[in-house]
């Protein structure tokens, strides 16, 4: 495919194709001879409407895998295709555009801006894209408040991150990842700071986004509470995917029956 093709056009093409595909992917940090081999020969596909959990101990390569699938880092070897585009052939600008248009991120470190309120942090992905007209800005504010409310944060929309605890900051980061209705959400340990009730709110929200919008989720987790709600569970050990993915009786949206 021509790497100069519009990202938006490509992203809407071939709806039956995997949203993300990694083929024989390796990731080495620090050089191929003496470096750290974080990922070995990874084959992975994520379809529209799937919730895929990647499980494994600390240091198994989960974050590296998410960074590659989310276009934050290049593969050392192998191919990555996102929305039918071969990522290696895209310019830096095209990769950034594709990432911004298709993907929402939940980082372990939250990455909230301390001088912005919870609502403003949630709105940030939309505000960075373009200047919004008054009607669009009002709709964006309403969606931000809706997401915060669904995550149990309705009374904290005007609070600044330093006044929020870790659980609340994590949920603000999750709302921010969803504000632009991305086709794919990359979430690194999204419930690690949450109690049982807050975890249920998050997974309920993920399920609604999956069912109503066909959103796909690729989640790195060690939290067993999430696994009953996902489409597939993958095991990653020392940078290698172990065994066969486990289907949990649900098909991704749009899958052939």
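The values are calculated or read from the model by the stated rules, or taken from the named source; none is laboratory data. The model shown is predicted, which means the values in this text are computed figures rather than measured ones. Positions of Cβ are backbone-derived with ideal geometry, glycine not excepted, and every protein chain shown enters the neighbour counts.
Things to note:
- The set of residues in region 114-125 that are part of a loop (DSSP other than H, G, I, E, B) and within 15 Å of residue 168 (Cβ to Cβ) comprises 114, 116, 117.
- Residues that are without any contact (Cβ under 8 Å) to a residue 40 or more places away in the chain and over 18 Å from residue 108 (Cα atoms) are absent from region 164-180.
- The residue list 90, 148 contains one member that is more than 30 Å from residue 30 (Cβ to Cβ), more than 16 Å from the chain's Cα centre (by Cα) and either at pLDDT 95 or above or crowded, with 16+ Cβ neighbours inside 10 Å (or both), which is 148.
- Test: residue in region 126-135 that is within 30 Å of residue 81 (Cα to Cα), out of contact with any strand residue (DSSP E or B) (no Cβ under 6 Å at 6 or more places or on another chain) and not in a helix (DSSP H, G or I): yes
- Selection count, region 12-27, where residues are surrounded by 18 or more Cβ atoms within 10 Å (Cβ to Cβ) and at pLDDT below 95: 1
- All conditions but one from (1) more than 26 Å from residue 59 (Cβ to Cβ); (2) under 20 Å from the mean Cα position of the chain (by Cα) apply to residue 188; the one that does not is (1).
- From the options 44, 124, residue that is touching a helix residue (DSSP H, G or I) at 6+ places or on another chain (Cβ under 9 Å) and closer than 30 Å to residue 23 by Cα: 44
- Meets criteria (without any contact (Cβ under 8 Å) to a residue 60 or more places away in the chain and in a loop (DSSP other than H, G, I, E, B)) for residue 159: yes
- Residues located in region 197-222, provided they are assigned to a loop (DSSP other than H, G, I, E, B) and surrounded by 17 or more Cβ atoms within 10 Å (Cβ to Cβ): 214, 215
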